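The values are calculated or read from the model by the stated rules, or taken from the named source; none is laboratory data. Being a predicted model, the structure only gives us computed values, none of them experimental. Neighbour counts are summed over all protein chains in view; Cβ atoms, including those assigned to glycine, are modelled from backbone coordinates with ideal geometry. Side chains are part of the model used for accessible areas, which takes the heavy atoms of the whole protein and leaves out ligands, DNA and RNA. Shrake-Rupley method; radii C 1.70, N 1.55, O 1.52, S 1.80 Å.
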Amino acid sequence: TQQGAPPGFHHALGPLNPVNDQSTGLPLLKLPNGFRYRSIAWAGEMLGDGYPGPGACDGMGVVADDDGIVTLIRNHELRGSSAPMGDPKKAWDVTGGGTTTLKFDTRAERLVDSRISLSGTLNNCAGGVTPWGTWLSCEEAPFTPELMHLGGDLRQRRCKLGNAKMSHGYVFEVHPDGEPDPKRIISMGQFYHEATAIDPDSGTVYMTEDANPYAGLYRYLPDVPGDLKAGGSLQMLRVDGYRELIETVPLNTPLVFDWVEIRDPEQGHTPGTHDGAGVVTQGLAAGGTAFISLEGCIYHEGSIYFTSKAGGRAKAGQIFRLNIAGDTLEMIFESSGRNGFSGPDNITVSPRGSLMVCEDRLGLRKHGQYIAGLDSEGDLFAFCQANADLDGFYGGHNLGRTTVKSEWAGACFSNDGMWMFANLYSPGVTFAITGPWNDGPV
């Protein structure tokens, strides 16, 4: 389907209305009738390990779900190089990014533990859960200290990384209890990493790249499935007959694809530059197909679903389905306008079969952004919206600015399908949502 307007209401859910948060008492979100939620782990609040909770809450996933205790690992897309969050002795570098681990008791409906689990990384944007119960946290920031004198793109110049000692732009594997000695996975490449999804049958890792004007979709073939640090090969998608799939892409049309080799995954920058485009440049030279601003991805029933935040004729976003077994790629959704639902970002698949999409709207932001669903019929519907009518403060945070400006991120579900978790990026807060899911689309 093509959409340029806000998502409509699903007949099984009905319209969205303001609902009071069971933690603060404030109507932070709009949800269908009967749904309720609790906000947890606000930025600035003290974590269980005694450190203040970081903001910029981005990608997130459920890494364990034991007897009602759901363990989530949450990314923090933070920059700068003045000091890492948490214990500096456990940090990869002095940079500000990393992850927190949250434990939520679904029976008591409360947060029971929280701690910093990775620190000293940079721009930890999204990532993905592994079948063996860890989280792959992705740095959206190829940075190499010794190349700083060569300049670089505008995003890197704004990052204030003068004190950084280590290179960045890698994938880090995070265990629920944390990483006291973080290790980057070099063979997975140095680029603008965004999200990952793993085919559980083969162990292959699929990865998106949030870069422009050109980005790649990659796959990592580990030498030892389940042991990503043991090495492997990196490849970039090539779609037959298409040098790029950015603005003009046929809708619901299967396109044949294969893969090209990335000969040097460690070459994160084009030689002689600090541009962060070394990997995608190699892929394009080998015949790979260019996308733009790739964001979330998720594995489901033999396919990888992934988003382009700025692709399409209106540069307002696309959603693709990569059929692994059939070797075909289809665009299944295109937004026709930036002032409607646009900027599809993190995605997940609901236990009841819909693709749930976090909005990072690129156009007018007069209205709170959505978590929307794309159902099996290809129709877009509203499930959750930040309440833009709210005006006030909570814990020193301007909620009006938060709800109007902030993107959604990190949507995921408990194993029993009774709880959805999602983040408002700014100032940084996680929501645990439950309600009468029944046989509805979410």
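Looking at the structure I just gave you, is I246 within 29 Å of N339 (Cα to Cα), at pLDDT 95 or above and open to solvent by less than 10 Å² (accessible area, probe 1.4 Å)? It is false that I246 is within 29 Å of N339 (Cα to Cα), at pLDDT 95 or above and open to solvent by less than 10 Å² (accessible area, probe 1.4 Å). Evaluated against (1) closer than 16 Å to N212 by Cα; (2) surrounded by fewer than 24 Cβ atoms within 10 Å (Cβ to Cβ); (3) at pLDDT 95 or above; (4) of a type outside the set (D, E), I324 falls short on exactly one condition, (1). I'd like to know if the range 274-294 contains one or more residues that are out of contact with any Ser or Thr (no Cβ under 6 Å at 6 or more places or on another chain), assigned to a strand (DSSP E or B) and either open to solvent by 10 Å² or more (accessible area, probe 1.4 Å) or within 21 Å of G59 (Cβ to Cβ) (or both). No, the range 274-294 contains no residue that is out of contact with any Ser or Thr (no Cβ under 6 Å at 6 or more places or on another chain), assigned to a strand (DSSP E or B) and either open to solvent by 10 Å² or more (accessible area, probe 1.4 Å) or within 21 Å of G59 (Cβ to Cβ) (or both). When the residues of the range 118-137 are narrowed to those that are in a strand (DSSP E or B) and among the hydrophobic types (A, V, I, L, M, F, W, C), which ends up farthest from S39 (Cα to Cα)? Top of the filtered list is L136. Pairing residues of the range 55-84 that are among the charged types (D, E, K, R) with residues that are open to solvent by less than 10 Å² (accessible area, probe 1.4 Å) and at pLDDT below 95, at Cβ distances under 6 Å and at least 6 apart in sequence or on separate chains, gives R79/C159. Selection of the range 97-107 for residues being touching a residue at least 40 places away in the same chain (Cβ under 8 Å), more than 15 Å from G428 (Cα to Cα) and of a type outside the set (V, I, T) yields only F104. Selection of the range 254-298 for residues being polar (S, T, N, Q), within 30 Å of E407 (Cα to Cα) and in contact with a strand residue (DSSP E or B) (Cβ under 9 Å, 6 or more places away or on another chain) yields T289, S293.
The residues of the range 295-349 that are within 22 Å of Q369 (Cα to Cα), outside any strand (DSSP E or B) and among the charged types (D, E, K, R), listed by number, are K309, R313, K315, R338. Pull out all pairs, ordered by first then second residue, where Cβ-Cβ is under 7 Å, the residues are six or more apart or on different chains, the first lies in the range 321-341 and is touching a residue at least 60 places away in the same chain (Cβ under 8 Å) and within 13 Å of S303 (Cα to Cα), and the second is among the aliphatic types (A, V, I, L, M) and open to solvent by 40 Å² or more (accessible area, probe 1.4 Å). From residues that are touching a residue at least 60 places away in the same chain (Cβ under 8 Å) and within 13 Å of S303 (Cα to Cα), the pairs are D327/V256; T328/V256; M331/L251. Looking across the range 222-243 at every residue that is in a loop (DSSP other than H, G, I, E, B) and among the small types (G, A, S), the one that is surrounded by the most Cβ atoms within 10 Å (Cβ to Cβ) is identified as G231. Only one entry of G25, G44, G34 meets the criterion of being more than 18 Å from T121 (Cα to Cα), out of contact with any Lys or Arg (no Cβ under 7 Å at 6 or more places or on another chain) and free of Cβ contacts under 8 Å to residues at least 12 places away in the same chain, and that entry is G25.
Is it true that some residue in the range 212-221 is free of Cβ contacts under 8 Å to residues at least 24 places away in the same chain, over 23 Å from P145 (Cα atoms) and open to solvent by 10 Å² or more (accessible area, probe 1.4 Å)?
yes
Can you say whether G34 is farther than 15 Å from T430 by Cα and open to solvent by 40 Å² or more (accessible area, probe 1.4 Å), as far as the supplied structure shows? So G34 passes the test.
From the set of residues in the range 120-135 that are of a type in the set (S, T, Y) and touching a His at 6+ places or on another chain (Cβ under 9 Å), which is farthest from H300 (Cα to Cα)? Among those residues, the one meeting the criterion is T121. Being within 22 Å of N346 (Cβ to Cβ) and surrounded by 21 or more Cβ atoms within 10 Å (Cβ to Cβ) narrows it down to one residue among G86, G59; which is it? Result: G59 is the single residue among G86, G59 that is within 22 Å of N346 (Cβ to Cβ) and surrounded by 21 or more Cβ atoms within 10 Å (Cβ to Cβ). Applying the condition of being of a type outside the set (F, W, Y), farther than 19 Å from A432 by Cα and modelled with pLDDT of 85 or more to the range 372-404 and asking which residue is surrounded by the most Cβ atoms within 10 Å (Cβ to Cβ) yields L380.
Which of the strands (runs of 3 or more DSSP E) found entirely inside the range 26-117 contain at least 2 residues meeting this: farther than 18 Å from G435 by Cα and modelled with pLDDT of 95 or more? Don't jump to the end; show me each part of the working.
Working: elements: 29-31, 36-40, 57-66, 69-76, 95-105.
In the range 26-117, the matching strands (runs of 3 or more DSSP E) lie at 57-66, 69-76, 95-105.
Looking across the range 297-315, the residues that are hydrophobic (A, V, I, L, M, F, W, C) and farther than 19 Å from C412 by Cβ come down to A310, A314. Scanning for something of a type in the set (D, E), within 19 Å of E140 (Cα to Cα), open to solvent by less than 10 Å² (accessible area, probe 1.4 Å) and within 17 Å of the chain's Cα centre (by Cα), does the range 194-204 turn up at least one residue? Yes: one or more hits.
Does I73 satisfy the criteria of being surrounded by 20 or more Cβ atoms within 10 Å (Cβ to Cβ), among the hydrophobic types (A, V, I, L, M, F, W, C) and either in contact with a Gly (Cβ under 9 Å, 6 or more places away or on another chain) or more than 30 Å from P142 (Cβ to Cβ) (or both)?
yes
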